[in-house]
Amino acid sequence: MNFFLQLFINGISIGFLYGLSAMGFVMIFKSSSVLNFAHGELLALGAFFFLAMLTWVKLPVVVAFLATLAACFILGFIIERFFLRPLIGEPLIYVIMLTVGLASMFKGIMLLFWGGNLQTYPDFLPAFLGIEWHVINIPPVYTAALIIGIMFLILFGLFFKYSSQGIFMRSVADNQKAALSLGVHVQRVFALSWAIAALVAGMSGIVLGIINGINVHDLSAIGLKVFPVVILGGLDSIGGAIIGGLIIGLLETFTGGYISPSLSDVVPYVILVIILMVKPYGLFGLAEIERV
Amino acid sequence: MTDTTILEINNISVVYSDVIQVLKGVSLVVKRKSITSLIGSNGAGKTTTLKAISGLLKPENGRVTDGTISYDGAAIQNHAPEVITRKGIIQVLEGRQPFKYLTVEENLIVGTAVRWREPYKKDLEMVYNYFPAIVRRRKMLAGYCSGGELQMIVMGRALMAHPALLLLDEPSLGLAPMVVREIFEIIKKINAEQGTSIVLVEQNANMALQISDYGYVMENGKVVMEGAARNLVENPDIKEFYLGMGASGVLKSYDDVKSYRRRKRWL
Ligand SMILES: Nc1ncnc2c1ncn2[C@@H]1O[C@H](COP(=O)(O)OP(=O)(O)OP(=O)(O)O)[C@@H](O)[C@H]1O
Ligand SMILES: [Mg+2]
């Protein structure tokens, strides 16, 4: 039972990270219909940038974390402005291929600077974040992941629900033509989606880097988990992305804990295929409102 | 152009995808604070004319290839919608197009995009005053509202932008006669109280001309007739073709009228 509880908490923490980065992916898709194949590389870039801030620039942890988030946010803007915007009006497949190209480019840059070996962050999380209770032993990083995950979720929830910019972003996802007719800067909304997506991906990259170590290939591969997550959650649902993330996170940790760690990467996909066979639009795909 | 004129379209041609010519030399003038109707059969080019004004041709791969559109004395043809909306021209699209997954009030808030960061509480109140029917729907997803409510939402959200020139594309489409009357009364009221100049595209020519000052009739991408609205209502040709009446002025039998009822095309 205690083992179960421990796996459960680990799974939820990881699941939040998956869910949040999937949320970024879904945001880009909802506003501009672009599938971002460079999502995993954005995750890895965040992790490496944080490493550089810590070990090369030697910034204090909190400052390095905030600097990384800011850098990722700006990177998102730059990607939209310089790579995607020139392709506006071209067939969508070109834009998607462009993200595949970006992925290789980013990967190349990271390999150039950091090589392909596994690196680790210096140990900086305070021990009091860990939970030890009877046989339950939750390392600090999982607690930290949980806290950060929930914080981001609330922050973005409030942003999308109540801020004007958040409402404009949802309006573009909902009906782009109508948004244009009211003077919403659709281009700016695309850029903001990319910026937020990159920021959240970078954040997830850092935390996953603390858990698993930092390696270009591993982190990029984790980024690809957004696919099962968003397909499970329904490509067009932000809330679904979070729940999809939690499910995949839990499946993974339970498989790793009860069956075999080597299966933990496979089982989620197997279950994914089964779910898709039953519910092709994902568990939480938006039910189309057909009244209009 | 005098300053009693807010919009002047001078002999424009519009082409979609570089090959499909839809407007062939359309000219029209909109007086400040007036209501101007644009009537004509399906495919005449009414919607295209509105889109040429609002800049919404662009995302559909359409372009004004000839002629000028001047608004407040400045040329605006082929400008981006982000720019044109900020000059005070807002188009209410044909077929309503709410943001289905946003609440009614959020739909209205999107209307403040052209003046983002300014307070809008007073404007919400103003809109709810014009459209009391949607007050109790405020927190509901727009996708679940009725056709009449949706028309109020999309007009209300346009009002949130404080337009100087409002382009309404078939507000009466598919609504019950009572609701149509209500909508037209509100249009008239907005025009009178806010001083908004309005271009009204309608199939319901009779109702439109009733509240308009001036009217244009389009056919095949051209303006074929224009005049003061009260003269157009009396014009025998208009009666025959657009008001569903014989030249004698009496309403024809239902079967005759039916041929003028619209069938919606999707392009
Ligand atoms: N995006 C487009 N690409 C190509 N042709 C178009 C496009 N939009 C409209 N057209 C064509 O332009 C012509 C005029 O269309 P428009 O929508 O302006 O007519 P309308 O007067 O508004 O008709 P309705 O009363 O049916 O709304 C039609 O023949 C239509 O097929
Ligand atoms: Mg039309």
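At-a-glance table
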{"item": "Residue pairs meeting the criteria (Cβ under 7 Å; at least 6 apart or on separate chains; first of a type in the set (S, T, N, Q), in the stretch A:3-16; second open to solvent by 40 Å² or more (accessible area, probe 1.4 Å))", "result": "A:Gln6/A:Asn137; A:Ser13/A:Leu146"}
{"item": "Any chance B:Lys58 is within 15 Å of ligand 1 (Cβ to nearest atom), within 19 Å of the chain's Cα centre (by Cα) and within 11 Å of chain A (Cβ to nearest Cβ)", "result": "yes"}
{"item": "Search result, residues across the stretch B:61-86 that are within 10 Å of chain A (Cβ to nearest Cβ) and either in contact with a Leu (Cβ under 6 Å, 6 or more places away or on another chain) or part of a loop (DSSP other than H, G, I, E, B) (or both)", "result": "B:Asn61, B:Ala80, B:Pro81"}
{"item": "Given (1) more than 14 Å from chain B (Cβ to nearest Cβ); (2) open to solvent by less than 50 Å² (accessible area, probe 1.4 Å), index of the condition A:Leu112 fails", "result": "(2)"}
{"item": "Hits in the stretch B:108-153 - residues which are under 24 Å from A:Arg188 (Cα atoms), facing chain A (nearest Cβ under 8 Å) and modelled with pLDDT of 95 or more", "result": "B:Ile109, B:Val110, B:Gly111, B:Thr112, B:Ala113, B:Val114"}
{"item": "Residue identified as closer than 20 Å to B:Leu200 by Cβ and more than 9 Å from chain A (Cβ to nearest Cβ) among B:Glu94, B:Glu105", "result": "B:Glu94"}
{"item": "All positions within the stretch A:181-210 that are within 14 Å of chain B (Cβ to nearest Cβ) and among the aromatic types (Phe, Trp, Tyr)", "result": "A:Phe190"}
{"item": "Qualifying residue in the stretch B:51-66 (condition: within 16 Å of ligand 2 (Cβ to nearest atom) and of a type in the set (Lys, Arg))", "result": "yes"}
{"item": "Residue satisfying all of: in the stretch B:1-45; of a type in the set (Gly, Ala, Ser) and within 16 Å of ligand 2 (Cβ to nearest atom); farthest from B:Met225 (Cα to Cα) among these", "result": "B:Gly43"}
{"item": "Lone unmet requirement of (1) among the polar types (S, T, N, Q); (2) more than 20 Å from B:Leu209 (Cβ to Cβ); (3) assigned to a loop (DSSP other than H, G, I, E, B) for B:Ser13", "result": "(3)"}
{"item": "Residue tally, condition under 22 Å from A:Ala145 (Cβ atoms) and open to solvent by 70 Å² or more (accessible area, probe 1.4 Å), over the stretch A:65-94", "result": "1"}
{"item": "Check on B:Gly148, in the same structural domain as B:Tyr130 (by TED's automatic domain parsing), in contact with a Leu (Cβ under 8 Å, 6 or more places away or on another chain) and free of Cβ contacts under 8 Å to residues at least 40 places away in the same chain", "result": "yes"}
{"item": "Residues (under 12 Å from A:Leu43 (Cα atoms) and either touching a Pro at 6+ places or on another chain (Cβ under 6 Å) or modelled with pLDDT under 95 (or both)) located in the stretch A:60-76", "result": "none"}
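Rundown of residues vs (1) buried (at least 18 other Cβ atoms within 10 Å of the Cβ); (2) charged (D, E, K, R); (3) over 22 Å from B:Ile39 (Cα atoms), yes/no style:
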{"position": "B:Pro98", "(1), (2), (3)": "yes, no, yes"}
{"position": "B:Glu125", "(1), (2), (3)": "no, yes, yes"}
{"position": "B:Ala133", "(1), (2), (3)": "no, no, yes"}
{"position": "B:Leu167", "(1), (2), (3)": "yes, no, no"}
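The values are calculated or read from the model by the stated rules, or taken from the named source; none is laboratory data. From a predicted model like this one, the values you see are computed outputs, not experimental measurements. Neighbour counts are summed over all protein chains in view; Cβ atoms, including those assigned to glycine, are modelled from backbone coordinates with ideal geometry. SASA here: full protein model, heavy atoms, side chains in, ligands and nucleic acids out. Shrake-Rupley method; radii C 1.70, N 1.55, O 1.52, S 1.80 Å.
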